[in-house]
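**Student:** One structure, as C-alpha coordinates, below. Some questions next.
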Amino acid sequence: MKFAHIADVHLGREQFNQPFRYDDYLRVFREAVEKAVKADVDFILIAGDLFHVSRPSPRTIRDAVEVLELPRRKGIPVFTIEGNHDKTIRETSVFDLLEHLGLVYTIGLKREPRRGEFQESKKLSENRYLVWGKVGDLEIHGLRHHTRWQLIRGDVNVLKALFKGKRGILMLHQAIDYLAKDTPYQDAFDLRLGELPDGFSYYALGHIHVRRTAEPSQTGLSGPLVYPGSLERTDVREASHLILYSARDRKPKVLENHEAKGFYIVEDFTPEFVGVHARPFYSVRVEGSSKAELRRKVEEVSSLIPRNAIAVITLEGVVKGGVSLAEFNDLLKDSGIRYYTFRSRVVGEAVLSKERLSEEELFTEWERELLLHLRVDPKEFSEGLSEFVSWLVERYRKGMPQAATIPKGETGEKTPKKAKVPEKAPKVREPEKTEKPGKEEKKHEKKPVPKPKNPTSLDAWLRRGKP
Ligand SMILES: [Mn+2]
(Lines give C-alpha, C1' and ligand atoms only; values in the text may rest on other atoms or scores of the structure.)
Protein backbone atom coordinates (compact mmCIF):
# COMPACT_ATOMS: atom_id res chain seq x y z
CA MET A 1 0.00 0.00 0.00
CA LYS A 2 1.48 3.30 -1.13
CA PHE A 3 -0.02 6.76 -0.80
CA ALA A 4 0.87 10.44 -1.12
CA HIS A 5 0.35 12.89 1.74
CA ILE A 6 0.02 16.53 0.70
CA ALA A 7 -1.10 19.47 2.87
CA ASP A 8 -1.57 23.24 2.86
CA VAL A 9 -1.70 23.88 -0.86
CA HIS A 10 -3.45 27.28 -0.43
CA LEU A 11 -4.51 27.28 -4.06
CA GLY A 12 -5.69 30.70 -5.18
CA ARG A 13 -3.36 32.66 -2.95
CA GLU A 14 -1.79 35.74 -4.52
CA GLN A 15 0.87 36.25 -1.90
CA PHE A 16 2.07 39.88 -1.59
CA ASN A 17 -0.83 40.73 -3.94
CA GLN A 18 1.34 39.43 -6.78
CA PRO A 19 -0.50 37.54 -9.56
CA PHE A 20 2.64 35.50 -10.34
CA ARG A 21 2.33 33.96 -6.88
CA TYR A 22 -1.02 32.49 -7.91
CA ASP A 23 0.81 30.60 -10.65
CA ASP A 24 3.53 29.52 -8.21
CA TYR A 25 1.03 27.98 -5.81
CA LEU A 26 -0.72 26.22 -8.68
CA ARG A 27 2.53 25.00 -10.25
CA VAL A 28 3.77 23.24 -7.10
CA PHE A 29 0.36 21.64 -6.59
CA ARG A 30 0.42 20.24 -10.11
CA GLU A 31 4.02 19.10 -9.61
CA ALA A 32 3.11 17.25 -6.38
CA VAL A 33 0.07 15.54 -7.90
CA GLU A 34 2.00 14.61 -11.05
CA LYS A 35 4.81 13.12 -8.98
CA ALA A 36 2.32 11.17 -6.86
CA VAL A 37 0.58 9.79 -9.95
CA LYS A 38 3.92 8.92 -11.52
CA ALA A 39 4.93 7.06 -8.34
CA ASP A 40 1.82 4.95 -8.90
CA VAL A 41 0.31 5.58 -5.47
CA ASP A 42 -2.90 3.82 -4.45
CA PHE A 43 -4.43 7.05 -3.19
CA ILE A 44 -3.67 10.69 -2.33
CA LEU A 45 -4.40 12.54 0.91
CA ILE A 46 -4.80 16.31 1.07
CA ALA A 47 -4.77 17.20 4.76
CA GLY A 48 -6.59 20.53 4.63
CA ASP A 49 -6.20 24.02 3.14
CA LEU A 50 -6.35 22.83 -0.45
CA PHE A 51 -7.78 26.30 -1.10
CA HIS A 52 -6.66 29.58 0.42
CA VAL A 53 -10.25 30.69 0.96
CA SER A 54 -13.52 28.81 1.43
CA ARG A 55 -15.06 30.42 -1.64
CA PRO A 56 -12.36 30.15 -4.31
CA SER A 57 -12.70 32.05 -7.57
CA PRO A 58 -13.99 30.27 -10.69
CA ARG A 59 -10.45 30.37 -12.03
CA THR A 60 -9.09 28.66 -8.93
CA ILE A 61 -11.81 26.00 -9.08
CA ARG A 62 -11.10 25.38 -12.75
CA ASP A 63 -7.38 24.99 -12.03
CA ALA A 64 -8.06 22.64 -9.12
CA VAL A 65 -10.35 20.52 -11.31
CA GLU A 66 -7.72 20.36 -14.03
CA VAL A 67 -5.04 19.09 -11.63
CA LEU A 68 -7.36 16.69 -9.78
CA GLU A 69 -8.36 15.12 -13.07
CA LEU A 70 -4.85 13.65 -13.36
CA PRO A 71 -5.32 11.08 -10.55
CA ARG A 72 -8.98 10.55 -11.44
CA ARG A 73 -8.06 9.44 -14.94
CA LYS A 74 -5.77 6.83 -13.40
CA GLY A 75 -8.43 5.69 -10.93
CA ILE A 76 -6.46 7.05 -7.95
CA PRO A 77 -8.86 8.36 -5.28
CA VAL A 78 -8.08 11.64 -3.48
CA PHE A 79 -9.23 11.97 0.13
CA THR A 80 -9.42 15.36 1.71
CA ILE A 81 -10.53 17.32 4.76
CA GLU A 82 -11.27 21.00 5.04
CA GLY A 83 -8.68 23.18 6.77
CA ASN A 84 -9.14 26.41 8.69
CA HIS A 85 -8.72 28.35 5.43
CA ASP A 86 -11.23 26.50 3.29
CA LYS A 87 -13.83 25.19 5.73
CA THR A 88 -17.30 26.60 5.54
CA ILE A 89 -20.50 26.41 7.52
CA ARG A 90 -22.43 26.27 4.26
CA GLU A 91 -23.78 22.87 3.40
CA THR A 92 -22.80 23.31 -0.20
CA SER A 93 -19.17 24.17 -0.69
CA VAL A 94 -16.48 23.88 -3.32
CA PHE A 95 -15.73 20.44 -1.85
CA ASP A 96 -19.26 19.29 -2.66
CA LEU A 97 -18.68 20.40 -6.20
CA LEU A 98 -15.39 18.50 -6.42
CA GLU A 99 -17.06 15.44 -4.87
CA HIS A 100 -19.92 15.68 -7.29
CA LEU A 101 -17.42 15.66 -10.13
CA GLY A 102 -15.83 12.54 -8.65
CA LEU A 103 -12.53 14.30 -8.03
CA VAL A 104 -12.23 14.05 -4.24
CA TYR A 105 -13.78 12.27 -1.27
CA THR A 106 -14.14 14.47 1.79
CA ILE A 107 -14.18 12.65 5.08
CA GLY A 108 -15.47 13.53 8.53
CA LEU A 109 -18.88 14.43 9.90
CA LYS A 110 -21.67 14.73 7.34
CA ARG A 111 -25.43 15.20 7.27
CA GLU A 112 -25.82 12.52 4.64
CA PRO A 113 -24.51 8.97 4.64
CA ARG A 114 -21.94 7.91 2.04
CA ARG A 115 -21.37 4.54 0.56
CA GLY A 116 -19.32 3.53 -2.42
CA GLU A 117 -16.13 1.99 -3.65
CA PHE A 118 -13.98 4.42 -1.66
CA GLN A 119 -16.33 5.61 1.08
CA GLU A 120 -18.21 4.27 4.05
CA SER A 121 -20.23 5.85 6.82
CA LYS A 122 -21.85 5.20 10.16
CA LYS A 123 -24.92 6.92 11.57
CA LEU A 124 -24.12 8.71 14.82
CA SER A 125 -27.45 10.46 15.36
CA GLU A 126 -30.24 12.06 13.33
CA ASN A 127 -28.61 13.82 10.34
CA ARG A 128 -25.14 13.05 11.62
CA TYR A 129 -22.86 10.55 10.00
CA LEU A 130 -19.21 9.72 10.38
CA VAL A 131 -17.79 9.31 6.88
CA TRP A 132 -14.45 7.69 6.14
CA GLY A 133 -12.49 6.62 3.13
CA LYS A 134 -11.51 3.07 2.32
CA VAL A 135 -9.00 1.53 -0.01
CA GLY A 136 -9.05 -2.24 0.22
CA ASP A 137 -9.01 -3.04 3.93
CA LEU A 138 -7.46 0.26 4.91
CA GLU A 139 -9.68 2.90 6.51
CA ILE A 140 -8.92 6.60 6.22
CA HIS A 141 -10.51 8.55 9.03
CA GLY A 142 -10.40 12.24 9.66
CA LEU A 143 -12.12 15.41 10.60
CA ARG A 144 -12.00 18.89 9.20
CA HIS A 145 -10.33 21.67 11.17
CA HIS A 146 -11.93 22.47 14.51
CA THR A 147 -10.96 24.90 17.23
CA ARG A 148 -9.54 23.51 20.44
CA TRP A 149 -12.68 24.31 22.39
CA GLN A 150 -14.74 22.30 19.90
CA LEU A 151 -12.49 19.26 20.29
CA ILE A 152 -11.74 19.30 24.00
CA ARG A 153 -14.89 20.07 25.98
CA GLY A 154 -14.03 19.85 29.61
CA ASP A 155 -13.58 16.15 30.31
CA VAL A 156 -14.84 15.13 26.87
CA ASN A 157 -12.27 14.57 24.15
CA VAL A 158 -14.37 14.60 20.96
CA LEU A 159 -11.61 13.02 18.87
CA LYS A 160 -11.08 10.10 21.23
CA ALA A 161 -14.84 9.53 21.45
CA LEU A 162 -15.34 9.70 17.70
CA PHE A 163 -12.43 7.50 16.67
CA LYS A 164 -12.46 5.00 19.52
CA GLY A 165 -11.34 1.60 18.29
CA LYS A 166 -10.68 2.86 14.76
CA ARG A 167 -7.62 1.80 12.83
CA GLY A 168 -5.81 2.84 9.68
CA ILE A 169 -5.02 6.47 8.92
CA LEU A 170 -6.15 9.56 10.83
CA MET A 171 -6.14 12.82 8.85
CA LEU A 172 -6.41 16.08 10.81
CA HIS A 173 -5.78 19.77 10.20
CA GLN A 174 -4.67 20.87 13.67
CA ALA A 175 -1.52 22.12 15.38
CA ILE A 176 -0.19 19.54 17.84
CA ASP A 177 1.95 21.02 20.59
CA TYR A 178 4.68 18.39 20.31
CA LEU A 179 5.54 19.48 16.75
CA ALA A 180 4.58 23.16 16.98
CA LYS A 181 7.82 24.41 18.53
CA ASP A 182 9.25 27.45 16.68
CA THR A 183 6.12 27.81 14.57
CA PRO A 184 3.34 30.41 14.88
CA TYR A 185 1.35 27.75 16.74
CA GLN A 186 3.84 27.17 19.52
CA ASP A 187 1.64 28.89 22.08
CA ALA A 188 -1.57 28.52 20.11
CA PHE A 189 -1.67 24.78 19.52
CA ASP A 190 -4.99 22.95 19.14
CA LEU A 191 -4.09 19.62 20.68
CA ARG A 192 -1.64 18.19 23.13
CA LEU A 193 0.11 15.02 22.08
CA GLY A 194 -1.76 13.00 24.69
CA GLU A 195 -5.10 14.20 23.34
CA LEU A 196 -4.68 12.35 20.03
CA PRO A 197 -6.59 9.07 19.71
CA ASP A 198 -4.18 6.14 19.70
CA GLY A 199 -4.39 3.09 17.45
CA PHE A 200 -3.73 4.56 14.00
CA SER A 201 -0.85 3.46 11.81
CA TYR A 202 -0.28 6.93 10.36
CA TYR A 203 -1.31 10.45 11.39
CA ALA A 204 -1.66 12.54 8.21
CA LEU A 205 -1.53 16.11 9.46
CA GLY A 206 -1.85 19.57 8.04
CA HIS A 207 -1.85 23.16 9.37
CA ILE A 208 1.79 23.62 10.42
CA HIS A 209 3.47 24.93 7.28
CA VAL A 210 6.92 23.54 7.97
CA ARG A 211 7.87 19.91 7.60
CA ARG A 212 7.75 18.04 10.89
CA THR A 213 7.60 14.37 11.81
CA ALA A 214 7.63 12.36 15.02
CA GLU A 215 8.25 8.65 15.31
CA PRO A 216 6.19 6.32 17.53
CA SER A 217 9.33 5.80 19.64
CA GLN A 218 9.25 9.53 20.47
CA THR A 219 5.53 9.94 21.06
CA GLY A 220 4.38 6.57 22.34
CA LEU A 221 1.62 6.60 19.73
CA SER A 222 0.93 3.69 17.39
CA GLY A 223 2.03 5.49 14.21
CA PRO A 224 4.17 8.40 12.99
CA LEU A 225 2.91 12.00 13.17
CA VAL A 226 3.62 13.74 9.88
CA TYR A 227 3.30 17.35 8.70
CA PRO A 228 4.50 17.70 5.09
CA GLY A 229 4.29 21.50 5.44
CA SER A 230 2.96 23.83 2.77
CA LEU A 231 3.97 23.26 -0.86
CA GLU A 232 5.01 26.89 -1.38
CA ARG A 233 6.81 29.26 0.96
CA THR A 234 3.96 31.03 2.69
CA ASP A 235 5.88 33.10 5.21
CA VAL A 236 9.28 34.74 5.61
CA ARG A 237 10.02 32.16 8.30
CA GLU A 238 9.95 29.51 5.55
CA ALA A 239 12.57 31.32 3.47
CA SER A 240 14.87 29.19 1.35
CA HIS A 241 17.84 31.48 2.02
CA LEU A 242 18.86 33.86 4.74
CA ILE A 243 21.25 36.73 4.06
CA LEU A 244 22.65 38.37 7.17
CA TYR A 245 24.60 41.60 7.05
CA SER A 246 25.10 42.79 10.57
CA ALA A 247 26.92 45.91 11.74
CA ARG A 248 30.01 43.87 12.56
CA ASP A 249 30.18 41.97 9.27
CA ARG A 250 32.42 43.24 6.50
CA LYS A 251 30.62 41.01 4.04
CA PRO A 252 27.10 39.62 3.94
CA LYS A 253 26.63 36.00 5.02
CA VAL A 254 24.42 33.77 2.89
CA LEU A 255 22.86 30.84 4.69
CA GLU A 256 20.85 28.21 2.90
CA ASN A 257 17.82 26.80 4.64
CA HIS A 258 17.84 23.18 3.66
CA GLU A 259 14.16 22.85 4.52
CA ALA A 260 12.87 21.90 1.09
CA LYS A 261 9.19 22.18 0.24
CA GLY A 262 7.22 19.17 -0.81
CA PHE A 263 5.12 16.24 0.35
CA TYR A 264 5.45 12.62 1.40
CA ILE A 265 5.08 9.36 -0.40
CA VAL A 266 4.32 6.76 2.23
CA GLU A 267 4.93 3.07 1.78
CA ASP A 268 4.12 0.64 4.59
CA PHE A 269 3.44 3.71 6.73
CA THR A 270 7.01 4.90 6.31
CA PRO A 271 7.12 8.43 4.88
CA GLU A 272 9.63 9.35 2.20
CA PHE A 273 9.96 13.06 1.38
CA VAL A 274 9.52 14.27 -2.20
CA GLY A 275 10.54 17.85 -2.99
CA VAL A 276 8.77 20.32 -5.28
CA HIS A 277 10.25 23.40 -6.93
CA ALA A 278 8.97 26.21 -4.76
CA ARG A 279 10.22 29.65 -5.74
CA PRO A 280 13.46 30.76 -4.03
CA PHE A 281 12.56 33.03 -1.15
CA TYR A 282 15.22 35.20 0.46
CA SER A 283 14.98 36.62 3.91
CA VAL A 284 17.50 39.45 4.09
CA ARG A 285 18.48 41.24 7.26
CA VAL A 286 20.64 44.31 6.91
CA GLU A 287 21.87 46.26 9.90
CA GLY A 288 23.23 49.77 9.79
CA SER A 289 23.63 52.96 11.80
CA SER A 290 22.83 55.42 9.03
CA LYS A 291 20.66 55.61 5.96
CA ALA A 292 23.75 55.69 3.77
CA GLU A 293 25.15 52.54 5.35
CA LEU A 294 21.83 50.73 4.96
CA ARG A 295 21.51 51.82 1.34
CA ARG A 296 25.05 50.70 0.53
CA LYS A 297 24.49 47.34 2.19
CA VAL A 298 21.14 46.78 0.46
CA GLU A 299 22.77 47.45 -2.90
CA GLU A 300 25.61 45.09 -2.11
CA VAL A 301 23.26 42.35 -0.95
CA SER A 302 20.95 42.65 -3.95
CA SER A 303 23.60 41.16 -6.24
CA LEU A 304 23.43 37.96 -4.18
CA ILE A 305 19.70 37.50 -4.79
CA PRO A 306 18.74 35.53 -7.90
CA ARG A 307 16.45 37.32 -10.35
CA ASN A 308 13.65 34.78 -10.02
CA ALA A 309 13.55 35.08 -6.23
CA ILE A 310 11.30 36.80 -3.77
CA ALA A 311 13.12 38.89 -1.19
CA VAL A 312 11.89 40.26 2.10
CA ILE A 313 14.49 42.76 3.23
CA THR A 314 14.40 43.78 6.86
CA LEU A 315 16.30 46.92 7.82
CA GLU A 316 17.69 46.90 11.32
CA GLY A 317 19.77 49.09 13.57
CA VAL A 318 19.57 52.47 15.23
CA VAL A 319 19.34 55.37 12.81
CA LYS A 320 18.85 58.95 13.84
CA GLY A 321 15.42 60.06 12.74
CA GLY A 322 14.50 56.56 11.56
CA VAL A 323 14.21 55.54 7.91
CA SER A 324 11.45 55.70 5.36
CA LEU A 325 10.85 52.53 3.39
CA ALA A 326 9.84 54.46 0.28
CA GLU A 327 13.41 55.70 -0.10
CA PHE A 328 14.63 52.13 -0.24
CA ASN A 329 12.09 50.84 -2.76
CA ASP A 330 13.68 52.91 -5.52
CA LEU A 331 17.06 51.46 -4.71
CA LEU A 332 16.27 48.05 -6.20
CA LYS A 333 13.83 48.97 -8.91
CA ASP A 334 16.34 48.09 -11.62
CA SER A 335 17.67 44.99 -9.87
CA GLY A 336 15.39 42.63 -11.80
CA ILE A 337 14.48 40.73 -8.64
CA ARG A 338 11.05 39.18 -9.24
CA TYR A 339 9.53 40.70 -6.14
CA TYR A 340 11.02 42.41 -3.13
CA THR A 341 9.64 44.25 -0.18
CA PHE A 342 11.21 46.15 2.68
CA ARG A 343 10.39 45.93 6.33
CA SER A 344 11.84 48.15 8.98
CA ARG A 345 12.92 47.31 12.45
CA VAL A 346 15.04 50.43 12.59
CA VAL A 347 14.85 52.35 15.83
CA GLY A 348 14.95 56.11 15.43
CA GLU A 349 17.65 57.12 17.86
CA ALA A 350 16.29 60.64 17.95
CA VAL A 351 13.29 59.44 19.89
CA LEU A 352 15.49 58.05 22.60
CA SER A 353 18.31 60.61 22.68
CA LYS A 354 18.43 63.79 24.69
CA GLU A 355 19.12 65.79 21.57
CA ARG A 356 16.38 68.29 20.91
CA LEU A 357 14.71 67.72 17.62
CA SER A 358 11.87 69.70 16.20
CA GLU A 359 8.55 68.13 15.31
CA GLU A 360 9.43 68.64 11.66
CA GLU A 361 12.40 66.34 11.97
CA LEU A 362 10.47 63.64 13.74
CA PHE A 363 7.12 63.57 11.97
CA THR A 364 5.84 63.89 8.46
CA GLU A 365 3.56 66.79 7.75
CA TRP A 366 0.42 64.78 7.94
CA GLU A 367 1.44 63.08 11.16
CA ARG A 368 1.87 66.53 12.69
CA GLU A 369 -1.57 67.40 11.40
CA LEU A 370 -2.96 64.27 13.00
CA LEU A 371 -1.34 65.13 16.30
CA LEU A 372 -2.70 68.64 16.10
CA HIS A 373 -6.21 67.32 15.62
CA LEU A 374 -5.86 64.77 18.36
CA ARG A 375 -5.00 67.62 20.72
CA VAL A 376 -8.07 69.59 19.73
CA ASP A 377 -10.41 70.73 22.50
CA PRO A 378 -13.01 67.96 22.97
CA LYS A 379 -15.79 70.54 22.67
CA GLU A 380 -14.62 71.35 19.18
CA PHE A 381 -13.74 67.81 18.33
CA SER A 382 -16.59 67.09 15.93
CA GLU A 383 -15.68 70.07 13.84
CA GLY A 384 -12.00 69.34 13.98
CA LEU A 385 -12.62 65.74 13.07
CA SER A 386 -14.75 66.37 10.00
CA GLU A 387 -12.26 68.94 8.82
CA PHE A 388 -9.49 66.48 9.39
CA VAL A 389 -11.37 63.71 7.59
CA SER A 390 -11.91 65.88 4.50
CA TRP A 391 -8.28 66.82 4.61
CA LEU A 392 -7.26 63.19 4.94
CA VAL A 393 -9.56 62.08 2.11
CA GLU A 394 -8.14 64.79 -0.12
CA ARG A 395 -4.64 63.84 0.86
CA TYR A 396 -5.11 60.13 0.18
CA ARG A 397 -7.62 60.16 -2.67
CA LYS A 398 -4.88 59.90 -5.27
CA GLY A 399 -2.38 57.10 -4.68
CA MET A 400 -4.96 54.89 -2.93
CA PRO A 401 -5.95 51.46 -4.25
CA GLN A 402 -9.44 51.49 -5.76
CA ALA A 403 -10.95 49.18 -3.17
CA ALA A 404 -10.08 51.67 -0.46
CA THR A 405 -11.29 54.88 -2.10
CA ILE A 406 -14.28 56.56 -0.61
CA PRO A 407 -17.36 56.81 -2.85
CA LYS A 408 -18.01 60.23 -4.33
CA GLY A 409 -21.26 60.72 -2.51
CA GLU A 410 -19.54 60.57 0.81
CA THR A 411 -16.73 62.97 0.11
CA GLY A 412 -18.33 65.33 -2.36
CA GLU A 413 -21.51 66.30 -0.53
CA LYS A 414 -21.83 64.78 2.86
CA THR A 415 -18.63 66.07 4.35
CA PRO A 416 -19.37 69.77 3.88
CA LYS A 417 -22.89 69.22 5.24
CA LYS A 418 -21.56 67.50 8.29
CA ALA A 419 -19.01 70.24 8.76
CA LYS A 420 -21.77 72.82 8.76
CA VAL A 421 -23.60 71.27 11.68
CA PRO A 422 -21.00 71.95 14.35
CA GLU A 423 -20.47 75.44 12.96
CA LYS A 424 -23.54 76.59 14.82
CA ALA A 425 -22.32 75.16 18.08
CA PRO A 426 -19.51 77.66 18.75
CA LYS A 427 -21.96 80.53 18.23
CA VAL A 428 -24.02 79.34 21.16
CA ARG A 429 -20.94 79.35 23.36
CA GLU A 430 -19.24 82.32 24.95
CA PRO A 431 -17.96 84.95 22.54
CA GLU A 432 -14.35 84.32 23.67
CA LYS A 433 -14.13 80.99 21.96
CA THR A 434 -15.61 81.96 18.62
CA GLU A 435 -12.52 84.01 17.84
CA LYS A 436 -9.88 81.37 18.28
CA PRO A 437 -11.34 78.58 16.16
CA GLY A 438 -12.06 81.20 13.48
CA LYS A 439 -8.41 82.14 13.23
CA GLU A 440 -7.29 78.55 13.24
CA GLU A 441 -9.72 77.68 10.49
CA LYS A 442 -8.33 80.38 8.24
CA LYS A 443 -4.84 79.08 8.82
CA HIS A 444 -5.91 75.63 7.72
CA GLU A 445 -7.63 76.92 4.63
CA LYS A 446 -4.52 78.68 3.43
CA LYS A 447 -2.44 75.57 3.75
CA PRO A 448 -1.99 73.71 0.50
CA VAL A 449 -2.59 69.97 0.59
CA PRO A 450 0.67 68.68 2.03
CA LYS A 451 2.63 66.03 0.21
CA PRO A 452 4.56 63.54 2.27
CA LYS A 453 8.22 64.28 1.74
CA ASN A 454 9.29 61.59 4.09
CA PRO A 455 6.56 59.00 4.66
CA THR A 456 7.02 56.91 7.76
CA SER A 457 5.72 53.48 8.65
CA LEU A 458 2.52 55.06 9.98
CA ASP A 459 2.09 56.65 6.59
CA ALA A 460 2.74 53.35 4.84
CA TRP A 461 0.23 51.64 7.07
CA LEU A 462 -2.50 54.10 6.17
CA ARG A 463 -1.74 53.80 2.49
CA ARG A 464 -1.75 50.04 2.41
CA GLY A 465 -4.33 48.20 0.33
CA LYS A 466 -6.42 45.32 1.51
CA PRO A 467 -4.24 42.39 2.55
MN1 LIG B 1 -2.55 26.29 6.04
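**Student:** Going by the conditions given, is Phe16 outside any loop (DSSP other than H, G, I, E, B), under 14 Å from the mean Cα position of the chain (by Cα), away from the ligand (no atom under 16 Å from the Cβ) and over 21 Å from Gly142 (Cβ atoms)?
**Tutor:** Details: outside any loop (DSSP other than H, G, I, E, B): yes; under 14 Å from the mean Cα position of the chain (by Cα): yes; away from the ligand (no atom under 16 Å from the Cβ): yes; over 21 Å from Gly142 (Cβ atoms): yes.
Taking the combined requirement at face value, the residue satisfies it.
**Student:** May I ask you to list the residues in region 1-13 that are surrounded by fewer than 22 Cβ atoms within 10 Å (Cβ to Cβ) and assigned to a strand (DSSP E or B)?
**Tutor:** Within region 1-13, just Lys2 meets the criteria.
**Student:** Also: Looking only at region 181-206, count how many residues are closer than 18 Å to Pro271 by Cα and touching a residue at least 40 places away in the same chain (Cβ under 8 Å).
**Tutor:** The number of residues fulfilling the criteria is 6.
**Student:** When region 19-32 is examined, which residues are found to be crowded, with 21+ Cβ neighbours inside 10 Å, away from the ligand (no atom under 15 Å from the Cβ) and closer than 26 Å to Arg90 by Cα?
**Tutor:** Of everything in region 19-32, just one residue is crowded, with 21+ Cβ neighbours inside 10 Å, away from the ligand (no atom under 15 Å from the Cβ) and closer than 26 Å to Arg90 by Cα, namely Leu26.
**Student:** Of all residues in region 95-112, which are in a helix (DSSP H, G or I) and within 18 Å of Asp8 (Cα to Cα)?
**Tutor:** Here is the first cut: in region 95-112, the residues in a helix (DSSP H, G or I) are 95-100.
Listed by number, the residues that qualify are Phe95, Leu98.
**Student:** Report every pair of residues separated by at least 6 positions or lying on different chains whose Cβ atoms are under 8 Å apart, first residue within region 60-88 and within 12 Å of Leu50 (Cβ to Cβ) and away from the ligand (no atom under 16 Å from the Cβ), second open to solvent by 50 Å² or more (accessible area, probe 1.4 Å) and hydroxyl-bearing (Ser, Thr, Tyr).
**Tutor:** Short answer, once both residue conditions are applied: Val78/Tyr105; Phe79/Tyr105.
**Student:** I'd like the full set of residues that are assigned to a loop (DSSP other than H, G, I, E, B), open to solvent by 70 Å² or more (accessible area, probe 1.4 Å) and either under 25 Å from Gln15 (Cβ atoms) or touching a helix residue (DSSP H, G or I) at 6+ places or on another chain (Cβ under 8 Å) (or both), limited to region 277-336. Outline the logic, then answer.
**Tutor:** The initial filter retains those residues of region 277-336 that are assigned to a loop (DSSP other than H, G, I, E, B), namely 277-280, 288-290, 303-309, 317, 320-324, 333-336.
From the residues that got through so far, the ones that are open to solvent by 70 Å² or more (accessible area, probe 1.4 Å) too are 277, 289, 303-304, 307-308, 320, 333-334.
His277, Ser303, Leu304, Arg307, Asn308, Lys320, Lys333, Asp334, listed by residue number.
**Student:** Further, regarding this structure: Of all residues in region 115-165, which are among the aliphatic types (A, V, I, L, M), buried (at least 17 other Cβ atoms within 10 Å of the Cβ) and without any contact (Cβ under 8 Å) to a residue 60 or more places away in the chain?
**Tutor:** Leu130, Val131, Leu151, Ile152, Leu159
**Student:** Somewhere in region 186-194, is a residue among the small types (Gly, Ala, Ser) and part of a helix (DSSP H, G or I)?
**Tutor:** Residues of region 186-194 among the small types (Gly, Ala, Ser): 188, 194.
Subsequent filtering for residues that are part of a helix (DSSP H, G or I) retains 194.
Yes, because at least one residue in region 186-194 is among the small types (Gly, Ala, Ser) and part of a helix (DSSP H, G or I).
**Student:** Going residue by residue through region 160-174, is there one that turns out to be of a type in the set (A, V, I, L, M, F, W, C), part of a strand (DSSP E or B) and more than 16 Å from the ligand (Cβ to nearest atom)? Don't jump to the end; show me each part of the working.
**Tutor:** If we filter region 160-174 for residues that are of a type in the set (A, V, I, L, M, F, W, C), which is where we start, we get 161-163, 169-172.
After this cut, where a residue has to be part of a strand (DSSP E or B) as well, the list is 169-172.
Add one more test, that the residue is more than 16 Å from the ligand (Cβ to nearest atom), and what stays is 169-170.
Yes, because at least one residue in region 160-174 is of a type in the set (A, V, I, L, M, F, W, C), part of a strand (DSSP E or B) and more than 16 Å from the ligand (Cβ to nearest atom).
**Student:** Restricting attention to region 249-273, report how many residues are of a type in the set (Asp, Glu) and part of a strand (DSSP E or B). Talk me through it step by step, then tell me what you get.
**Tutor:** Of region 249-273, the ones of a type in the set (Asp, Glu) are 249, 256, 259, 267-268, 272.
Checking which are part of a strand (DSSP E or B) leaves us with 256, 267, 272.
Final tally of qualifying residues: 3.
**Student:** Sort out which residues of region 73-94 are aromatic (Phe, Trp, Tyr) and assigned to a loop (DSSP other than H, G, I, E, B), and write them in order of number. Outline the logic, then answer.
**Tutor:** Initially, region 73-94 is screened for residues aromatic (Phe, Trp, Tyr), giving 79.
None; the set is empty.
**Student:** Given the criterion away from the ligand (no atom under 14 Å from the Cβ) and of a type in the set (D, E, K, R), identify the matching residue among Asp198, Asp190. Working first, answer last.
**Tutor:** Values: Asp190 fails: away from the ligand (no atom under 14 Å from the Cβ).
Exactly one residue qualifies, and that residue is Asp198.
**Student:** Looking only at region 33-52, decide whether some residue is open to solvent by 10 Å² or more (accessible area, probe 1.4 Å), more than 21 Å from the chain's Cα centre (by Cα), modelled with pLDDT of 95 or more and not charged (D, E, K, R). Before you say what the answer is, go through the steps one by one.
**Tutor:** So in region 33-52, the residues open to solvent by 10 Å² or more (accessible area, probe 1.4 Å) come out as 34-35, 37-40, 42, 52.
Okay, now just the ones that are also more than 21 Å from the chain's Cα centre (by Cα), so 34-35, 37-40, 42.
Next, only the ones that are modelled with pLDDT of 95 or more stay: 34-35, 37-40, 42.
From the residues that got through so far, the ones that are not charged (D, E, K, R) too are 37, 39.
Looking for residues that are open to solvent by 10 Å² or more (accessible area, probe 1.4 Å), more than 21 Å from the chain's Cα centre (by Cα), modelled with pLDDT of 95 or more and not charged (D, E, K, R), one finds at least one in region 33-52, hence yes.
**Student:** Just give me the residues in region 208-248 being open to solvent by 10 Å² or more (accessible area, probe 1.4 Å), out of contact with any Leu (no Cβ under 8 Å at 6 or more places or on another chain), within 16 Å of the ligand (Cβ to nearest atom) and not in a helix (DSSP H, G or I), in sequence order.
**Tutor:** Answer for region 208-248, where residues must be open to solvent by 10 Å² or more (accessible area, probe 1.4 Å), out of contact with any Leu (no Cβ under 8 Å at 6 or more places or on another chain), within 16 Å of the ligand (Cβ to nearest atom) and not in a helix (DSSP H, G or I): His209, Val210, Arg211, Arg233, Thr234, Asp235.
**Student:** Go over the candidates Arg55, Arg115 one by one and state the one that is of a type in the set (Lys, Arg), farther than 26 Å from Met1 by Cα, away from the ligand (no atom under 16 Å from the Cβ) and not in a helix (DSSP H, G or I).
**Tutor:** Unique residue meeting the criteria: Arg55.
**Student:** Which condition breaks for Phe269 when tested against (1) out of contact with any Gly (no Cβ under 9 Å at 6 or more places or on another chain); (2) within 25 Å of Glu34 (Cβ to Cβ)?
**Tutor:** With respect to (1) out of contact with any Gly (no Cβ under 9 Å at 6 or more places or on another chain); (2) within 25 Å of Glu34 (Cβ to Cβ), Phe269 is out only on (1).
**Student:** So which of Tyr185, Tyr178 is within 21 Å of Glu215 (Cβ to Cβ), within 14 Å of the ligand (Cβ to nearest atom) and open to solvent by 40 Å² or more (accessible area, probe 1.4 Å)?
**Tutor:** Only one candidate passes the filter, namely Tyr185.
The values are calculated or read from the model by the stated rules, or taken from the named source; none is laboratory data. Keep in mind that what you see is a predicted model, and the values were worked out from it rather than measured. Note that we place each Cβ from the backbone using ideal geometry, even for glycine, and neighbour counts take in every protein chain shown. These accessible areas exclude ligands, DNA and RNA; they are computed on the full protein's heavy atoms, side chains included. Shrake-Rupley method; radii C 1.70, N 1.55, O 1.52, S 1.80 Å.
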